[in-house]
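Here the structure is laid out as structure tokens; the discussion comes afterwards.
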Amino acid sequence: MLKPRDYQLENIKEVLEKLQLHQRCMYYAPTGAGKTTFAALLAKEAVKYGRQIRFYVHRDKLVNQTVNTFRKVGLKCGIVAGGYKYHRGCPVQVISVQTLSSGHRDFTWLETGDRKPLSMVDECHITQYYDVMQELFPMLPNERTAEDEGFVIGLTGTPWRLKRDESMGQF
């Protein structure tokens, strides 16, 4: 079992407060601060209240690392990535954006029905710029609400882009 750091618990509280006002927010913390642990702890709380979790990673090699962290807080995860059997009944799905981008499979089963998921986007300064992610979470302002897409938290240690016309504030 992972023991959360005090600041992670405080950050969870702050993010939950932000999500009462906005459907999207970004969690910035430096490398090594435990962003995946933060996400796992937040996911655990959300699952207690019946929320589905979608955790997006931009590289397949991050799938196992993420699943292992989520397991350490007591969460069972389904994995949506090449080479894995899908466990559709799991409330937490760790999703490879590379797999979603392939376009060869039907992922409509990820849609949750009446209550939209809490989506967390790891390394959002990179991941959000995949075409498939821009379809899921289009640039702001848009007419979509939390009822349309659920809540979205971007996780990053680098909230800047090299291109001047790209900004995390767009999402």
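The single residue among Gln134, Gln93, Gln98 that is surrounded by fewer than 19 Cβ atoms within 10 Å (Cβ to Cβ), closer than 15 Å to Tyr56 by Cβ and modelled with pLDDT of 80 or more turns out to be Gln98.
Residue pairs whose Cβ atoms lie under 9 Å apart, separated by 6 or more positions or on different chains, with the first residue in segment 41-57 and over 17 Å from Arg5 (Cβ atoms) and assigned to a helix (DSSP H, G or I) and the second among the aromatic types (Phe, Trp, Tyr) and open to solvent by 10 Å² or more (accessible area, probe 1.4 Å), are Ala46/Phe151.
Only one of Asp114, Asp148 is assigned to a helix (DSSP H, G or I), open to solvent by 10 Å² or more (accessible area, probe 1.4 Å) and either among the small types (Gly, Ala, Ser) or at pLDDT below 90 (or both). Can you tell me which?
On the way: Asp114 fails: assigned to a helix (DSSP H, G or I).
Checking each option against the conditions leaves just Asp148.
Scanning for something among the aliphatic types (A, V, I, L, M) and over 23 Å from Phe137 (Cβ atoms), does segment 5-23 turn up at least one residue?
Taking segment 5-23 first, the residues among the aliphatic types (A, V, I, L, M) are 9, 12, 15-16, 19, 21.
Remaining after also requiring over 23 Å from Phe137 (Cβ atoms): 9.
Yes; the residues of segment 5-23 include at least one that is among the aliphatic types (A, V, I, L, M) and over 23 Å from Phe137 (Cβ atoms).
Restricting segment 36-72 to residues that are among the basic types (Lys, Arg) and over 11 Å from the mean Cα position of the chain (by Cα), which is farthest from Asp122 (Cα to Cα)? This residue is Lys48. Residues in segment 7-40 that are in a helix (DSSP H, G or I), open to solvent by 20 Å² or more (accessible area, probe 1.4 Å) and not hydrophobic (A, V, I, L, M, F, W, C): Tyr7, Glu10, Asn11, Lys13, Glu14, Glu17, Lys18, Gln20, Lys35, Thr36, Thr37.
The values are calculated or read from the model by the stated rules, or taken from the named source; none is laboratory data. The model shown is predicted, which means the values in this text are computed figures rather than measured ones. With ideal geometry, Cβ positions are generated from the backbone for all residues, glycine too; neighbour counts draw on all protein chains shown. Heads up: the accessible areas ignore ligands, DNA and RNA and are worked out on the full protein's heavy atoms, side chains in. Shrake-Rupley method; radii C 1.70, N 1.55, O 1.52, S 1.80 Å.
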